[in-house]
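Only one structure is covered here, and it is reproduced in the block below.
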Amino acid sequence: MPVHFLPTSLAKWAHARGDALVVGFFSDERPLRGAAGLADWRLCGRLSRLIKAGRLSGRRGETLLLPPGRRLPFARALVFGFGDSGRFSEEVYRQHVRWIRDVVRRAGIAQVALQAPGRATGLIAARRALELWIEEARKDDAELEVSFIDSPGAIKEMADLVRGPRAPGPAAASDKIAP
């Protein structure tokens, strides 16, 4: 599963990879935060208008496919409702991951840019979100290239996980304190 990282900065999104931008939000999350908030900004408030009109609520199980217009560098945008943030847990996170992966697979999407469920609101740590995403990805046969959208600090944590443990270099070995 190829993994990339994309900062929560609109300037960086111009060089993003992906057939689709995947954003989600909780039913009790207003204003929209993280990637959903940035996408709403780029879409000139389209998500906010849909919420205000009662056509989008963030309720669990809600899915919306939107054309991204000219202001987002993706072929399409998928919006997912995560339900009440008070019910969020690792098991709920796993359910969201399986659901997102299933919808994306059935839509024939090979590359996505997304912010992991619960990351915009800080309900799950970046590293843990990636660990659980990888665990769930190993359970299905979908080959999906993912660019995780997050803050620079969170990206560092996730990149460290993807790189794995590093062997100590010469400087690290010489820094050991003798007994």
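Evaluation of residue 62 against the conditions (1) without any contact (Cβ under 8 Å) to a residue 24 or more places away in the chain; (2) in contact with a helix residue (DSSP H, G or I) (Cβ under 9 Å, 6 or more places away or on another chain) shows that the sole unmet condition is (2).
Looking only at residues that are not charged (D, E, K, R) and not in a helix (DSSP H, G or I) in the range 138-164, which one is surrounded by the fewest Cβ atoms within 10 Å (Cβ to Cβ)? In this case the residue turns out to be 164.
Given the range 1-100, what strands (runs of 3 or more DSSP E) lie entirely inside it while holding 1 or more residues that are more than 18 Å from residue 150 (Cα to Cα)?
In the range 1-100, 63-66, 76-81 are the strands (runs of 3 or more DSSP E) which contain 1 or more residues that are more than 18 Å from residue 150 (Cα to Cα).
Within the range 1-19, the set of residues being within 13 Å of residue 72 (Cα to Cα) and either surrounded by fewer than 16 Cβ atoms within 10 Å (Cβ to Cβ) or modelled with pLDDT under 85 (or both) comprises 9, 10, 11, 12, 14, 15, 16, 17, 18. Which residue pairs have Cβ atoms under 7 Å apart, sit 6 or more places apart or on different chains, and have a first residue in the range 86-111 that is touching a residue at least 24 places away in the same chain (Cβ under 8 Å) and a second that is among the polar types (S, T, N, Q)? Filtered contacts from the range 86-111: 103/63.
Collect the residues in the range 1-31 that are out of contact with any strand residue (DSSP E or B) (no Cβ under 9 Å at 6 or more places or on another chain) and not basic (Lys, Arg), keeping them in residue-number order. Result: 9, 10, 11, 14, 28, 29, 31.
The residues in the range 66-93 that are touching a helix residue (DSSP H, G or I) at 6+ places or on another chain (Cβ under 6 Å) and among the basic types (Lys, Arg) can be counted, and the count is 1.
Beta carbons closer than 6 Å, at least 6 apart along the sequence or on distinct chains, pair a first residue in the range 9-35 that is closer than 18 Å to residue 101 by Cα with a second that is of a type in the set (D, E, K, R) and surrounded by 13 or more Cβ atoms within 10 Å (Cβ to Cβ) for 20/76.
Among the conditions (1) in contact with a helix residue (DSSP H, G or I) (Cβ under 9 Å, 6 or more places away or on another chain); (2) closer than 20 Å to residue 28 by Cβ; (3) of a type outside the set (Asp, Glu); (4) in contact (Cβ under 8 Å) with a residue 60 or more places away in the chain, residue 57 misses just one, which is (4).
The values are calculated or read from the model by the stated rules, or taken from the named source; none is laboratory data. No experiment lies behind these values; they were computed from the predicted model shown. Methodologically, a virtual Cβ is constructed for each residue, glycine included, from the backbone with ideal geometry; neighbour enumeration extends over all protein chains shown.
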